[in-house]
Structures are given as structure tokens and as C-alpha cells.
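Take a look at the structure set out below.
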Amino acid sequence: MQPLLKVENLVKRYAKRSLADAREEVPALNAVSFSIFPGTTLAVVGESGSGKSTLAACLACLESPTTGSIWYEEKDLVKLGARARRQVRPQLQLIFQDPASSLNPRWKVLEILVEPLILQRNFNREEMNQRANSLLERVGLSPDIVKRPPTELSGGQRQRLAIARALALQPKLLILDEALSALDCSVQAQIANLLMELQSSLGMTYVFITHDLAMAAYLADEIAVMDGGRIVEQGPPEKILKIPQHETTRQLLAAVPRIIPPALPAVEQ
């Protein structure tokens, strides 16, 4: 089986001016490499500033790497032109930590869900409405909320809505950038179980970015630990948890405040 996504020696440096007005480059990613296979989850774990969110932005084509390659279905996204990249981007959807900041508060739920469909210009209004209702049901939300703004929804409901919108264009890869960290523990477990159900039913592939090693172990087939813009350790969850090799991994493991969450019902009350 070929990887769905293969990252090779990815480097990202940001320009910065010092107090003396001298230009210098700050490394955010340093020779990052990994592969992820269809229908699996790679968890990227690290503290703030380790490079996780920069990696997410590069994978979603929101940032251009300084050097390196991102192979997606045998295309190097780094070398694609703007037009070709726009064609690929719907297949790589990014879900953020705070859904409130990524959902237009002035729009109703229906408008939020049909926006990506309108941009594709392949659907009539009836088809879009049907797709919106189907997406809401798939993520455990009632179609009755279509006329409500996201400000009237709970945090867990907003994150379900963000997932539904990401699924609208039938992507192959979801990049979840701290997508559970703003939720309380019980809702985290519900959304985690929703993600697992969607992976099982739709064959989704995930890059799950988090600082929570326990949740990473619960969701992932493989864990990559980042520190200082590098992957310092990588392996299956049982190996990472039982035989951590790097000091960063041991520190993350020591900071885990709870056991790996149990399976909870996916539908939020």
C-alpha cells in the first residue's frame, strides 16, 4: 500500500528582525519526515512552540515550506502551481482548536455548511440543502439547528459543525490542529469517538495534532513526538507509552493528568 501523504525533509523558516534591525531566520520546522497511510491516524504530539501548528499549516497548503517535499497521491504539493494546488486543497481539510473563530457568527448553520459547496459550483440549491442535512446527521447534530447561528451552539456542537463543514467536499485527509483541547473531558471523548466512527465508515485519514499524549494514544495508529521543530521520537502508541526513548516524550508522559479516556457514546446530549 502506498502512503496517502509522505513528508520528506520539510523545513520552514520565518524571517525576523532583531533589535539591531538585522534580518535573521527563525526555524519552525527542521527536516521533518513521515508517512501516513490511508485510513490511519498519525498523532503529532508536542508542547507549544514545538512546530506542530506550522506543520499543520504546511500540510493544508496555507504555508509554503522553505525546503522539502509533501507528497500527496504522487503529487509534490510544494512544487504545484497555484491553480493545481487549489484543485487539491479541498481534499486536505484543516480543523482548528477554536471552532468559534473559524465559523462566521453572522451566518446560520445552513449557510456555513453550503458555503464550500457553492464555491465548487457543482450543486443546485436542493442538493446543497440535502447534503447539509446529511452532514449534520452524520456528526450527531439535529437538522433542526440549520437556522441557528453558531453562537447559540455549545462548544461540542460547534466542533461537530466544524467537522461537518470539513466533510462537505468529501476530503481524504483531515488535519486536526488541537481540535479537542478547548473542550471539557467528557465532550473530548465524545468527539474522539465521533472521529473514530467517521474513520471507520468513510475511510478517513487523520493527522491529529495535540499536546495531549493520552488522547493521542487513544486515537492514533502512530505517534510522532516533536520538539524544537523536529520529530524526536516516532512509533506505535504502546511503544511510546511503555518505552519512551526521548526526554521530551518522558516529560509529556509525566504531564498526562488522566488515563486514556474510555469509549463514550458519540452523540452529545
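A few comments on the model shown:
- Every test in (1) modelled with pLDDT under 95; (2) not in a loop (DSSP other than H, G, I, E, B) is passed by L136 save one, and that test is (1).
- Identity of the residue in segment 90-104, among the hydrophobic types (A, V, I, L, M, F, W, C) and outside any helix (DSSP H, G or I), that ends up farthest from Q188 (Cα to Cα): L92
- One residue stands out among those in segment 59-89 that are among the charged types (D, E, K, R) and farther than 17 Å from P171 by Cβ: the one that is surrounded by the most Cβ atoms within 10 Å (Cβ to Cβ), which is E63.
- Those residues of segment 164-186 which are part of a loop (DSSP other than H, G, I, E, B), charged (D, E, K, R) and under 11 Å from the mean Cα position of the chain (by Cα), in sequence order: E178
- Close pairs (7 angstrom Cβ cut-off, 6 or more residues apart or separate chains): farther than 16 Å from V11 by Cα in segment 43-63, aliphatic (A, V, I, L, M) and part of a loop (DSSP other than H, G, I, E, B) anywhere: A43/A220
- Hey, A189 touching a strand residue (DSSP E or B) at 6+ places or on another chain (Cβ under 9 Å) and either assigned to a helix (DSSP H, G or I) or at pLDDT 95 or above (or both) or not: no
- Neighbours by Cβ (under 6 Å, 6+ apart or cross-chain): first from segment 115-141, over 21 Å from R160 (Cβ atoms); second modelled with pLDDT under 90: F123/L117
- Residues considered: L119, L103, L59, L110. Of these, the only one that is in contact with a strand residue (DSSP E or B) (Cβ under 8 Å, 6 or more places away or on another chain) and not acidic (D, E) is L59.
- Filter pass, L92 being surrounded by 14 or more Cβ atoms within 10 Å (Cβ to Cβ), among the aliphatic types (A, V, I, L, M) and out of contact with any helix residue (DSSP H, G or I) (no Cβ under 6 Å at 6 or more places or on another chain): yes
The values are calculated or read from the model by the stated rules, or taken from the named source; none is laboratory data. All figures in this text were calculated on a predicted structure; none of them were measured in a lab. Virtual Cβ from ideal backbone geometry, glycine too; neighbours counted across all protein chains shown.
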